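The values are calculated or read from the model by the stated rules, or taken from the named source; none is laboratory data. Note that the structure is predicted; figures quoted are calculated from it, not measured. Here the Cβ is made from the backbone with ideal geometry for all residues, glycine too, and neighbour counts use every protein chain on show. Heavy atoms of the whole protein, side chains included, go into the accessibility calculation; ligands, DNA and RNA do not. Shrake-Rupley method; radii C 1.70, N 1.55, O 1.52, S 1.80 Å.
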Amino acid sequence: QVQLVESGGGLVQAGGSLRLSCAASGRTTSSYTMGWFRQAPGKEREFVASISWRGGTTDYLDFVKGRFTISRDNAKNTVYLQMNSLKPEDTAIYYCAATTSDSSRNSRTYDYWGQGTQVTVSS
């Protein structure tokens, strides 16, 4: 079993930055692809970014490319999402997830999920 706990969310003005963290416990996640998803009120959960277990392959939602950066520190069992130039449209609950599959945008392939952290961007 893997437990994931997100942190770092909050309220920020448009154009600001936040750094989300996802700490894993239980089994090591060093061999898992890690992903970030988000869900805004009234909308479906959507893929934001993923990173392969060695960190060599990343994938991003087009809307966040150039603004968000996903990274991981396997020694600390932690994944990060650096979010810059935030927009009100980025407002959502952000979830961390882990999968044994290769990089995937499909939430159904992810085996473990955190409880989420709220990100609110004011205009």
- Note on the structure: Exception for R38 within (1) under 14 Å from the mean Cα position of the chain (by Cα); (2) among the charged types (D, E, K, R); (3) more than 16 Å from G8 (Cβ to Cβ) falls at (3)
- Would you be able to say whether some residue in region 70-88 is over 14 Å from the mean Cα position of the chain (by Cα), more than 21 Å from N106 (Cβ to Cβ) and of a type in the set (G, A, S)? yes
- Qualifying residue in region 28-38 (condition: hydroxyl-bearing (S, T, Y), within 21 Å of T120 (Cβ to Cβ) and open to solvent by 60 Å² or more (accessible area, probe 1.4 Å)): no
- Could you list, in sequence order, all residues of region 53-66 that are open to solvent by 20 Å² or more (accessible area, probe 1.4 Å) and either at negative phi or modelled with pLDDT under 95 (or both)? W53, R54, G55, G56, T57, T58, D59, Y60, L61, D62, F63, K65
- Query: Counting only residues that are open to solvent by 50 Å² or more (accessible area, probe 1.4 Å) and within 15 Å of Y112 (Cα to Cα), which one in region 1-22 is modelled with the lowest pLDDT?
  - Reply: Q1
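Scanning for something acidic (D, E) and touching a strand residue (DSSP E or B) at 6+ places or on another chain (Cβ under 8 Å), does region 23-44 turn up at least one residue? If you could, list the steps in order and put the result at the bottom.
As a first pass, look at region 23-44 and keep what is acidic (D, E): 44.
Filter once more, so that each one left must be touching a strand residue (DSSP E or B) at 6+ places or on another chain (Cβ under 8 Å): none.
So far as region 23-44 goes, no, none of its residues is acidic (D, E) and touching a strand residue (DSSP E or B) at 6+ places or on another chain (Cβ under 8 Å).
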- Report yes if S101 is in contact with a strand residue (DSSP E or B) (Cβ under 9 Å, 6 or more places away or on another chain), among the polar types (S, T, N, Q) and open to solvent by 40 Å² or more (accessible area, probe 1.4 Å), otherwise no. yes
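What number of residues in region 56-75 are basic (K, R) and without any contact (Cβ under 8 Å) to a residue 24 or more places away in the chain?
2
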